[in-house]
1. What does the extension gain come out to for Lys32 and Asp103, with contour length at 0.36 nm per residue minus their alpha carbon separation?
2. What is the dipole size for the stretch 3-113, taken about its Cα centre, with +1 at each Lys and Arg Cβ and -1 at each Asp and Glu Cβ, in debye to the nearest 20?
3. Where does the charge balance sit around Gly39 when Lys and Arg score +1, Asp and Glu -1, over other residues with C-beta under 9 Å from its C-beta?
4. So how much slack lies between Asp40 and Ser78, counting 0.36 nm per residue of separation and subtracting their Cα-Cα distance, in nm?
5. Taking 22 Å as R0, compute the FRET efficiency from the Cβ-Cβ separation of Ala116 and Val16 and round it to 0.05.
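Throughout, read-outs are computed from the coordinates displayed, never taken from laboratory work. The structure displayed is predicted, hence computed values, not measured ones. Cβ coordinates were reconstructed from backbone atoms using ideal geometry, including for glycine residues, and neighbour counts include every protein chain displayed.
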Amino acid sequence: MAEFKVVISTKDGKSVQKELKSPEADAFLDKKIGDKIKGDELGFKGYEFEIRGGSDKAGFAMRFDVQGTARKSIFTTSGSGVWIPQKGKKYRKTVAGNTIHEDIAQINLKVIKQGAEPLTAPAEEAPKEEAKPEAKEEKPKEESKPAEKAEEKKEAAAPAAEQASA
C-alpha cells in the first residue's frame with residue numbers, strides 16, 4: 001500500500017501539497033524522475049505533470065543520475081541533495097535512486113499542461129471562534145494532615161496533664 005505526499009509546483013511560482021494513498025498513489029510506483037503523469041489519475045482533470053524529484057522516508061533526496069530504488073553512497077561535487085562549501089572539493093553523500101517505490105515519502109511534480117480548473121480553489125474565510133477561557137474548578141481544600149495531628153496531640157496531652165495535676 002503506497003502513500004505519498006505530492007508537492008506540485010505551478011507556473012506562477014506557487015506550490016500545492018496533496019496526500020495520496022492507494023489506489024491514486026499506485027500510479028507513481030516504478031516511475032522515474034523525468035517521467036510524465038496525467039493529472040486525471042491524481043484527481044486533477046486536464047493537468048499533466050512531470051516528476052522532478054522527491055525524498056525517501058529517511059529524508060534522503062532522490063537523484064536523477066542514480067539508477068534504481070536503493071540508497072547509494074555517491075562521490076560527488078554538486079547536484080541534488082549535496083551542498084559543498086568549497087569549490088572543487090568532493091564529498092561522499094548518500095542519496096536515493098531515481099525510481100519511485102513504496103519507501104518514498106515525498107514526490108515533487110511540475111505542471112506541464114494546465115487544466116481548466118485551478119489547482120487550489122480560493123479559500124473561503126471561515127469566521128474564527130474566539131477562544132473562551134475555561135473556568136477552573138476549584139476543589140475544596142481539605143484540612144491539612146499536620147494540623148489534624150497537632151489537634152490529636154493536644155487532646156492526648158490534655159488527659160495526661162489532668163492526671164499529673166491530680
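1. Details: separation 71, 0.36 × 71 = 25.56 nm, distance 1.41 nm.
The Lys32-Asp103 span can extend by a further 24.1 nm.
2. Numbers: 22 positive and 15 negative charges, 153 e Å.
About 740 debye.
3. Numbers: positive: Lys38, Lys45, Lys113; negative: Asp40, Glu41, Glu48.
It works out to a net charge of 0.
4. On the way: separation 38, 0.36 × 38 = 13.68 nm, distance 3.54 nm.
Result for the pair: 10.1 nm of gain on full extension.
5. Numbers: r = 16 Å, r/R0 = 0.72.
Calculated value: 0.85.
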